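First up is the structure itself, then whatever we jot down about it.
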Amino acid sequence: MTMMSGSTRALRPPSPQRRKLIITAYALVTPFLVVFAAMVIAPLVYAGYLSLFQTRLIGGEQFIGLANFGKALTDPLFLGGVGRVAVFLVIQVPVMLGLALVFALAIDSGRLRGSRFSRLAIFVPFAVPGVVATMMWGYLYGDDFGPISQTIGLFGVPAPDLLSSDLMLFSMMNIVTWSFVGYNMIIMYAALRAIPVELYEAAEIDGAGAVRIAWSIKIPAIRPAIMLTLIFSVIGSFQLFTEPRLLSTIAPNVIGTAYTPNLYAYTLAFTFQDVNYAAAVAFILGFVIMIISYVVQLSGNRSGGRS
């Protein structure tokens, strides 16, 4: 009898008020789902479809299966770009996030004078469009006309060619770091402001100094925010496009069409008109980003569990 009454209650139709709430919820969610499907899902499906074909002069488009993916995995231009971006990731991301963490801790501690002005000054470069930032730094890097070379030349020291093949990647690292330190700093600073003040007071009573509090309380407490900025930085590194695309106009002998994977896919699609192979390259790049982001998140969760 109890089981029958329970099943009857489960089969009972929702009340008019609950039905109205369900309809309202679907009505609010539907516009987002439509836009998401049209702007994200549909292009992905179409790109996946294109990657399975090859356009030939004789015969037009022909189905070739996963041949484009196999070609990309053995393409030295694509693999070289991935390796170059991997070096960029290993060097630039720790430096950028380290600076952002130091700035966030300094502002949160109140030891930095003019915290509001400092916050704004560090964040302002992020508000500068990437195109403008790259053009500005490209001018500063100039060997003949750049202020950096001219200033170093005043001391009688030969100025380094910041747009040479040996230093170009580091010059891009500087541009990206300058642009995104403030963005990551704001995320970490917001997380720091959410830590209960009682934890600091208890640590100070126990005799902990500012450095000890930062290392033992603040940094572990904002680990999720640090992991978030790390994952965003990994994705951003593999999507590097604006900087090499613009700097290639002033250093064409250094930055080729496959300097980064994103630039390579762009060149394949819009210069060589090989959209099929470009789609395969883009998909493989997406898989690489997904795998590395997952590994970073998994390692962060494990280290968090041990702590």
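We did not get these values from a lab; they are worked out from the coordinates using the rules stated. Remember, predicted model here, so these are calculated numbers, not experimental data. Don't worry about glycine lacking a Cβ; one is built from the backbone with ideal geometry, like all the others, and counts go over all protein chains shown.
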- prompt: Any idea which of V87, N253, P147 is furthest toward the positive side of the dipole for the chain, if Lys and Arg beta-carbons carry +1 and Asp and Glu beta-carbons -1?
  reply: V87
field: segment 55-185 - percent relative contact order, Cα under 8 Å, separation 6 or more
entry: 30
query: Once the Cβ-Cβ distance between F170 and I291 is put in as r, and R0 is 22 Å, what FRET efficiency do you end up with, to the nearest 0.05?
result: 0.25
statement: Taking only the alpha-carbon atoms of the chain, the convex hull volume per residue, in cubic angstrom, is 271
message: Just want to confirm a number: the relative contact order over the chain, from Cα pairs under 8 angstrom separated by 6+ residues, in percent.
response: 25
- line: Asserting the computed 222 nm helical MRE of the chain (DSSP H runs at least 4 long, -39500 (n - 2.57) per run, divided by residue count, to nearest 500) equals -23000 deg cm²/dmol
Dipole axis of the chain (+1 Lys, Arg; -1 Asp, Glu on Cβ), positive-most option in A203, V132, N68: A203
Within the chain, longest stretch clear of exposed trypsin sites (Lys or Arg not before Pro) (DSSP loop, no more than 15 other Cβ within 10 Å): 114-307
message: Mean-square fluctuation check for the chain, GNM, Cα pairs under 10 Å: which of A251, A225, A208 is largest?
response: A208
- request: Averaging sequence separations of C-alpha pairs under 8 Å and six or more residues apart, then dividing by the length of segment 221-307, give the relative contact order as a whole percent.
  value: 29
query: Ignoring the sites themselves, what is the longest stretch of the chain with no chymotrypsin sites (Phe, Trp or Tyr not before Pro) in a DSSP loop and at most 12 other beta-carbon atoms within 10 Å?
result: 1-144
message: Compute a Gaussian network model of the chain, connecting alpha carbons closer than 10 Å, and tell me which residue from A67, A202, A86 fluctuates the most.
response: A202
statement: Out of G236, G182, G65, a Gaussian network model of the chain with alpha-carbon springs under 10 Å gives the largest mean-square fluctuation to G65
- prompt: DSSP H helices in the chain with Cα extent of 15 Å or more along the helix axis and mean Kyte-Doolittle hydropathy at least 0.0?
  reply: 16-36, 76-109, 115-127, 130-141, 168-193, 223-238, 275-306
